[in-house]
Amino acid sequence: MPELPEVETVVRGLRRSIPGRTILSVRLGKMDFIDNPVALEMHLPGRRIESVERFGKFMLLRLSAVIAGERVASDDNGDAAAASLLVHLGMTGQLAPSAAAEPAGKHTHVYLTLDDGRELRYTDPRRFGRMAYLTEAQLAAELTAFGADPLLVGAEEFATRIRSRNSRIKALLLDQTVLRGVGNIYADESLWRAKIHPTRVGNRLSVKETETLRKVLQDILKKAIVMRGSSISDFLDANGEPGEYQRRHRAYGREGERCYRCKTTIRRAIVAGRSSYFCPKCQPEPRRRKRKPSRARAKKS
């Protein structure tokens, strides 16, 4: 599933290409991943794409409140006011502009005709993504549940979000209410760099450990963005090109290979319901605390 660097890569590609363009018409194929297909058909035509933004793993196409050159006042539901098209790529989604005359891919399900003769197409073989037309109020309500952006979070807030929770650190990194945008790849890579085992518990990490983790996570995410993300199987950017950061992976997907630091064999374990790759030497497993004997046992002894 595309994570923060992959989504940011697509956003930057679209940002160079579609802001300022007006959506003339909408054509839909399969619609099971769209919250309300009728809303797209009713409210997108005539809207100008003002900007393209990333929020966690979501893309937001900010839409104008102007239709056919006139600003339209919102009704009771806010339907005509400025709004956004929210897009999640799921596992295999791709959003990219194409010449209208260019043949569409087999699994293209959304066609947004633009005023420059192109179509903004959403293609998704597995349809695990999501698309939704949301007014400003609806979008605000949608996004309140998400945590801090890992690229922007400061040391104090990061430490609070991690050290105040009695959960495994791998689970915390994947929890979108804690940090928005981190997934399995960059969680494993950052834990390897920070030398922290994925089963360590958040409230047992030291302040120094959490700050190290924050710094390496931000460094890895920034470098992955520069290299246009990781293409493990299906990811392509807005130009249809794969990312290159998978060449820099030090833990993720390397089960049975040698650790780049100590040459110990990388292992895989299921943590927080996901495959987790780690070095058993560089990332030592936390010691299990001995249980205190119950009073009943103490009396018998």
Residue span D115 to D32: 0.36 nm per residue of separation minus Cα-Cα distance leaves a gain in nm of 27.2 nm
Of all stretches in the chain that avoid trypsin sites (Lys or Arg not before Pro) placed in a DSSP loop and having at most 15 other Cβ atoms within 10 Å, the longest is 127-260
Between the Cα axis of helix 184-194 and the main Cα principal axis of the chain, the angle (0 to 90°, nearest 10) is 40 degrees
Of the listed links K195/K263; K30/K222; K57/K195, those spanning more than 24 angstrom between alpha carbons are K30/K222; K57/K195
The simple spin-label model distance between S275 and H107, using points 7 Å out along Cα→Cβ, in nm, is 1.8 nm
Cys in the chain lacking any partner Cβ under 4.7 Å -> C262
Placing each pseudo-label 7 Å from Cα in the direction of the beta carbon, E157 and R12 end up separated by a distance in nanometres of 2.2 nm
Out of V178, V207, V11, a Gaussian network model of the chain with alpha-carbon springs under 10 Å gives the largest mean-square fluctuation to V207
Placing each pseudo-label 7 Å from Cα in the direction of the beta carbon, E255 and A100 end up separated by a distance in nanometres of 4.9 nm
Checked against the structure, the computed semi-axes √(5λ) of the Cα gyration tensor in Å among (1) 42, 22, 16; (2) 34, 23, 18; (3) 28, 22, 18 is the one labelled (1)
In deg cm²/dmol, rounded to the nearest 500, the helical mean residue ellipticity at 222 nm of the chain, built from -39500 (n - 2.57) for every DSSP H run of length 4 or more, is -7500 deg cm²/dmol
Expressed in angstrom and rounded, the centroid-to-centroid distance over alpha carbons for the stretch 88-109 and the stretch 121-153 is 19 Å
So for R0 = 30 Å, FRET eff. of L143-R288 from the Cβ-Cβ r, to 0.05, ends up at 0.15
For the stretch 85-154, listing chymotrypsin sites (Phe, Trp or Tyr not before Pro) in a DSSP loop whose Cβ sees at most 14 other Cβ atoms within 10 Å gives F128
Per the charge dipole of the chain (beta-carbon charges, Lys/Arg positive, Asp/Glu negative, Cα centre), the residue among G29, V87, C262 reaching farthest to the positive end is C262
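Values quoted throughout were computed directly from the atomic coordinates according to the rules given, and no laboratory measurement underlies them. Worth saying up front: this structure is predicted, and the values here are computed from it rather than measured. A quick note on method: Cβ atoms are made from the backbone with ideal geometry, for glycine too, and the neighbour counts reach across all protein chains shown.
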